[in-house]
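What follows draws every value from the coordinates through simple rules; no lab data is involved. Fair warning: this is a prediction, and the values are worked out from it, not measured in the lab. Because the Cβ atoms are built from the backbone with ideal geometry, glycine has one as well, and the counts that use them run over all protein chains shown.
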């Protein structure tokens, strides 16, 4: 659900040549007995290799048939809150995609559902997400190519069981943690491995996501802020067109997950463009960006 990203700064999403990475050993590393679900998006819909799993620690291997130049896949997973409906989620989606009603959209989406991330991916660049899910009905959508109205086509995942096994491996933090804070900022190390697993946690009171976009070496956060403040409609001078991007999709407050990635070494910027609940201003414009180096 790249909503505000599409609305306010789509030019920052790399639209260049894809680098075919394939499925790395890091993405294939799951523990014996751990439930694995293959998730494939095509830009507008999601296919699962299974639609019913036991509650507990689940690993979603997320990939796409859509090229990054065409927008790739933005795969979201959510669960409705009590007394809320898919119509409530559809209303929030439409509000979030409008620059006039973005603040209301964020509020309505937060009230309607709990979002569990998943990933922004493209053909040849898979990611994996591991997290603990309790019994219930979950919905997956790919809004890489947003629909004209309503929500994207939905795929249902049933998580069954009594919840007694819901704790597990995904509750353990990795050695690398990225935190989305109440101040609408990313707290993260400046240097990461170019492949591995990180814990992404949302300790704020609103929705956040983490786009990982390649930029030129030497790019600073001051350069990113200056570009965002300028309101320019042309690609920023620090754009890189020959490296893939990735990211964690929308995560609700108090939700954490483990995100396994494999990206080329280089400089990247973390971005969140969810609309502020009061002003409607995208979080990135308010300063929610961080330049990091993957080595």
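The table below lists the values:
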quantity	calculated
Sequence of 51, 234 once ranked by neighbouring C-beta atoms within 10 Å, starting from the fewest	234, 51
Inter-site label distance for residue 221 and residue 162 at 7 Å from Cα along Cβ, in nm	4.8
Sequence of 222, 95, 54 once ranked by neighbouring C-beta atoms within 10 Å, starting from the fewest	222, 54, 95
Sequence-separation-based contact order of the range 52-113, relative, with Cα cut under 8 Å and 6+ spacing, percent	27
Between the range 172-196 and the range 81-156, the Cα center-to-center distance that results, in Å	23
Computed over the range 202-285: relative contact order in percent, which uses C-alpha pairs under 8 Å that are six or more apart	48
